[in-house]
1. May I ask you to say which residue of Lys78, Lys9 is modelled with pLDDT of 85 or more, among the basic types (Lys, Arg) and assigned to a helix (DSSP H, G or I)?
2. How about region 28-41: which of its residues are part of a loop (DSSP other than H, G, I, E, B) and open to solvent by 40 Å² or more (accessible area, probe 1.4 Å)?
3. From the set of residues in region 42-57 that are under 26 Å from Asp2 (Cβ atoms) and exposed (fewer than 13 other Cβ atoms within 10 Å of the Cβ), which is modelled with the lowest pLDDT?
Amino acid sequence: MDYNRNLRKAKRQFMVEILGDACTECGDDRPGAIDYHHPNPVQGKRVPLTVVGWEVLKEEIMHLIALCGACHNVHHRKVA
């Protein structure tokens, strides 16, 4: 169980290093406030990137944007 937790933390840290840890919409940079949103998800690929393999994460990470929870919710309401 610790292995999986550490792996998720390592992948999350990798995402922070590549994409940043502040919302691209409002600038919110509170710890834990950021979601990584896929603006154009491919059907059937709704698996959290922290649970996929490293290769998939490396392929998909450049398609993501950093959003705080509030901006993420607003974005999904605009799309729906």
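1. Numbers: Lys78 fails: modelled with pLDDT of 85 or more.
Residue meeting the stated conditions: Lys9.
2. Residues of region 28-41 part of a loop (DSSP other than H, G, I, E, B): 28-33, 38-41.
Asp29, Arg30, Pro31, Gly32, His38, Pro39, Asn40, Pro41, listed by residue number.
3. Taking region 42-57 first, the residues under 26 Å from Asp2 (Cβ atoms) are 47-57.
Going one step further and asking which of them are exposed (fewer than 13 other Cβ atoms within 10 Å of the Cβ), we end up with 47-48, 51, 53-55.
Working: Val47: 65, Pro48: 72, Val51: 74, Gly53: 85, Trp54: 88, Glu55: 87.
Applying the filter and picking the extreme gives Val47.
The values are calculated or read from the model by the stated rules, or taken from the named source; none is laboratory data. Just so it is clear, the model here is predicted, and its values are computed rather than measured. Quick reminder, even Gly has a Cβ in these numbers, built from the backbone with ideal geometry, and neighbours come from all protein chains shown. All accessible areas refer to the heavy atoms of the entire protein, side chains included, with ligands and DNA or RNA removed. Shrake-Rupley method; radii C 1.70, N 1.55, O 1.52, S 1.80 Å.
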